[in-house]
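Every read-out reported here was derived from the displayed coordinates using simple, explicitly stated rules and does not represent laboratory data. Quick caveat: nothing in here was measured; it's all calculated off a predicted structure. In this analysis, Cβ positions are derived from the backbone assuming ideal geometry, glycine residues included, and neighbour counts consider all displayed protein chains.
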Amino acid sequence: MSEPFDTLFAAALAVRGRAYVPYSNFKVGAAAITEDGHVFAGCNVENAAYPQGQCAEATTIGMMVAGGGARIAALVVIGGEPGDGLLCSPCGGCRQRIREFAGPETPIHICGPEGLRRTATLDELLPWSFGPDNLERRA
Ligand code: THU
């Protein structure tokens with residue numbers, strides 16, 4: 001696959017190497033490109049108080065917002081081990097986090113360390129979603 005996938009994959013793979021995962025030992029890296037072409041990446045960051053752990057997608061979104069990014073045009077997530085045959089697809093909470101900054105057709109490329117495994121749109125991952133538009137017409 002071509003740009004920007006290659007750029008996002010490389011960024012996500014690099015940051016995955018810095019994942020802080022002493023509890024799960026499951027490293028995840030993610031990278032987003034914004035509609036104006038900036039790339040932001042993040043890894044999962046776990047915590048001794050387990051529920052306080054943060055997914056790679058959440059870190060990526062935080063990096064994007066802190067860096068001045070606004071809208072996600074495409075997202076890559078890398079998790080798992082080569083040949084495990086599994087999809088490291090965003091958890092339910094992260095699907096909603098992505099929803100805040102992406103459109104229904106935004107591609108989410110779910111990858112293993114060896115490359116792309118499957119691509120889904122946000123609407124496929126989170127149909128009938130609730131989003132910012134639901135709050136626009138409050139009195
Ligand atoms: N995790 C992510 O960072 N992103 C995903 O899409 C799935 C799961 C993390 C959370 C936790 O640190 C570890 O993977 C195991 O669940």
| field | Check: the range 1-94 dipole with +1 on Lys, Arg Cβ and -1 on Asp, Glu Cβ, in debye | value | 220
| request: Using the charge dipole of the range 43-139 (Lys, Arg: +1 at Cβ; Asp, Glu: -1 at Cβ; taken about the Cα centre), state which of A70, G85, L135 has its Cα farthest towards the positive end. | output: L135
| message | As I understand it, the dipole of the chain uses +1 on the Cβ of Lys and Arg and -1 on the Cβ of Asp and Glu, about the Cα centre. Which of T7, A19, A49 lies farthest toward its positive end? | response | A49
| query | Against the longest alpha carbon principal axis of the chain, how many degrees, from 0 to 90 and to the nearest 10, is the axis of helix 5-16 turned? | reply | 60
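Once you sort the root eigenvalues of the Cα gyration tensor of the chain as a ≥ b ≥ c, which label holds: rounded (a/c under 1.5), prolate (a/b larger than b/c) or oblate (the other case)? Walk me through the numbers before you get to the answer.
Details: a/c = 1.57, a/b = 1.31, b/c = 1.20.
Prolate shape, in that a/c is at least 1.5 and a/b is the bigger ratio.
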